[in-house]
Amino acid sequence: MRLHSCYSRFSPRQMPANPPKTNLGLYVHWPFCRHKCPYCDFNSHVSTTHDNAAFGAALCQEMTHMAALLPDRRALTSLFFGGGTPSLMPPNIVGKIISHAEKTFGFAPAIEITAEANPTSIEAQVMTEFFHAGVNRVSMGVQSFDDEILGFLGREHTAAEALSALQTVRRHFDNLSIDLIYATAGETMASWRKSLSQALALGLPHLSLYQLTIEPGTAFFTRQRTGEQLHLDDDHAADLFELTQSLTADAGLTAYEISNHARPGAACQHNLNYWNAGDWIGIGPGAHGRFCLGSEDPAGMQRVGTATRRSPAGWLDAVQTTGHGIDTHTIDTATDYAAEMMMMGLRLADGVNIDRIEALCGPQEGWLDRAAMTQAVADGWLDSQKDSQTGSDTQLWLTAAGRLRLNHILAMILR
Ligand code: SF4
């Protein structure tokens with residue numbers, strides 16, 4: 001991978017033809033929150049004084065710039081408002097961004113347009129206006145149905161408020177997901193079973209269920225360094241993970257990714273595009289994007305990664321001055337892209353298809369340790385489907401035992 005610390009605009013005319021065809025997503029980062037949660041390492045900033053209209057206009061301006069970097073015009077298959085707290089965005093700005101995106105890229109017929117929201121009554125009401133602006137999926141950060149755990153996580157809402165907010169949002173949105181965090185210190189099998197059962201009883205089509213991790217730079221990280229125990233040890237967390245798999249499966253939700261569970265047809269298309277190593281553009285402070293430039297010969301393909309300035313004020317200033325806030329960009333080779341596809345794709349229940357990797361990247365040498373892969377299959381961590389003609393592995397996925405060891409398996413099989 002080559003890293004470039006300063007960015008000069010790519011010229012589409014210099015790009016090779018024949019870009020690989022994957023889905024195209026657009027990620028819009030709204031960086032503002034009402035307060036900072038102690039576990040959060042997202043690029044989120046507490047602010048009540050920023051100029052909403054200026055940020056909305058700058059997001060449209062940066063979108064135009066990013067679209068011109070792509071080697072082709074392709075309709076968006078997904079649009080995702082993440083943050084920060086997008087449910088604090090004025091709905092008219094959400095509407096403007098959606099129509100600018102439609103004008104700039106075009107929309108695929110079944111485009112998924114998601115907004116993240118916090119479960120307060122005001123934000124739930126605002127979701128009605130988001131719906132009229134074109135949002136068709138909501139991902140709500142409920143985090144727990146236990147008030148004690150919500151207090152520990154520094155959330156502003158109670159379990160009762162979350163339930164009421166969900167009721168409000170369901171009037172408009174069938175495609176609704178909630179996030180829950182588990183494996184906090186002191187959490188037992190019984191308490192997690194109760195919390196998760198309560199979530200499953202709602203009959204939602206999608207749940208994102210994450211174990212608490214302590215990330216550098218967070219308030220929890222500082223507290224942990226003073227010796228405070230904030231999450232369960234690996235063995236207890238693994239027990240809760242197993243319970244999660246069994247309760248969600250019994251409720252008809254498939255674990256299509258390690259932490260994500262959905263009814264058939266309700267998987268998050270935007271996140272699936274990340275895990276399938278598709279193309280996406282990221283706009284807003286601290287947003288990342290990745291897309292392929294393509295080549296007549298897939299092995300010569302290049303994949304660009306962009307990262308914009310993290311500081312909202314710095315990003316806004318850059319966009320207003322130069323039309324974009326890109327701070328650094330990377331250029332990956334076809335071999336790097338093949339490894340990315342393996343790293344991301346193994347998170348999915350369906351795993352990765354080696355033929356697809358070779359179709360997008362060309363036949364690759366030296367990126368995959370096939371002997372180690374065979375060993376991981378023999379150890380019961382990976383499963384594979386073989387091509388009936390050649391006998392070589394075409395589809396590769398993690399077994400239940402492998403899901404607990406993904407990083408170790410990747411270190412084994414990727415060179
Ligand atoms: S509301 Fe979300 S983005 Fe904002 S600080 Fe809390 S976890 Fe982070």
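Listing for the model above:
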item: Leading residue by the ranking (least open to solvent (accessible area, probe 1.4 Å)) among those in the stretch 111-140 that are in a loop (DSSP other than H, G, I, E, B) and either more than 14 Å from the ligand (Cβ to nearest atom) or touching a Cys at 6+ places or on another chain (Cβ under 7 Å) (or both); result: V135
item: Residue match in the stretch 401-413 (condition: touching a strand residue (DSSP E or B) at 6+ places or on another chain (Cβ under 9 Å) and more than 25 Å from A238 (Cα to Cα)); result: no
item: The stretch 183-202 residues that are open to solvent by 70 Å² or more (accessible area, probe 1.4 Å), paired with ones that are acidic (D, E) (beta carbon under 7 Å, 6 or more apart); result: M189/D239
item: Looking only at the stretch 25-45, and only at residues there that are near the ligand (Cβ under 8 Å from one of its atoms) and among the aromatic types (F, W, Y), the one that is surrounded by the fewest Cβ atoms within 10 Å (Cβ to Cβ); result: F42
item: Residues satisfying the stated conditions in the stretch 203-232, i.e. without any contact (Cβ under 8 Å) to a residue 12 or more places away in the chain and of a type in the set (G, A, S); result: G203, G227
item: Matching strands (runs of 3 or more DSSP E) fully within the stretch 322-415 where at least 1 residues are touching a Pro at 6+ places or on another chain (Cβ under 6 Å) and under 22 Å from Q211 (Cβ atoms); result: none
item: Qualifying residue in the stretch 310-330 (condition: touching an Asp or Glu at 6+ places or on another chain (Cβ under 7 Å), open to solvent by 10 Å² or more (accessible area, probe 1.4 Å) and free of Cβ contacts under 8 Å to residues at least 60 places away in the same chain); result: no
item: Residue within the stretch 286-308 that is in a strand (DSSP E or B) and among the aromatic types (F, W, Y) present; result: yes
item: Residue within the stretch 46-53 that is away from the ligand (no atom under 16 Å from the Cβ) and in contact with a Lys or Arg (Cβ under 9 Å, 6 or more places away or on another chain) present; result: no
item: Subset of the stretch 79-110 that is away from the ligand (no atom under 14 Å from the Cβ) and among the polar types (S, T, N, Q) - its residue that is surrounded by the most Cβ atoms within 10 Å (Cβ to Cβ); result: T104
item: Scope the stretch 141-158; condition buried (at least 16 other Cβ atoms within 10 Å of the Cβ) and under 25 Å from the mean Cα position of the chain (by Cα); matching residues; result: G141, V142, Q143, S144, F145, I149, L150, F152, L153, R155, H157
item: Scan of the stretch 67-78 for residues that are open to solvent by 40 Å² or more (accessible area, probe 1.4 Å) and modelled with pLDDT of 95 or more, ordered by number; result: A75
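Yes or no, residue by residue, for (1) buried (at least 20 other Cβ atoms within 10 Å of the Cβ); (2) touching a residue at least 60 places away in the same chain (Cβ under 8 Å):
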site	(1), (2)
A334	yes, no
Y337	yes, yes
M342	yes, yes
C361	yes, yes
G366	no, no
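The values are calculated or read from the model by the stated rules, or taken from the named source; none is laboratory data. If you're wondering where the values come from, they're calculated on a predicted model, not measured in any experiment. Because the Cβ atoms are built from the backbone with ideal geometry, glycine has one as well, and the counts that use them run over all protein chains shown. Just the protein is used for accessible areas: all its heavy atoms, side chains included, with ligands, DNA and RNA removed. Shrake-Rupley method; radii C 1.70, N 1.55, O 1.52, S 1.80 Å.
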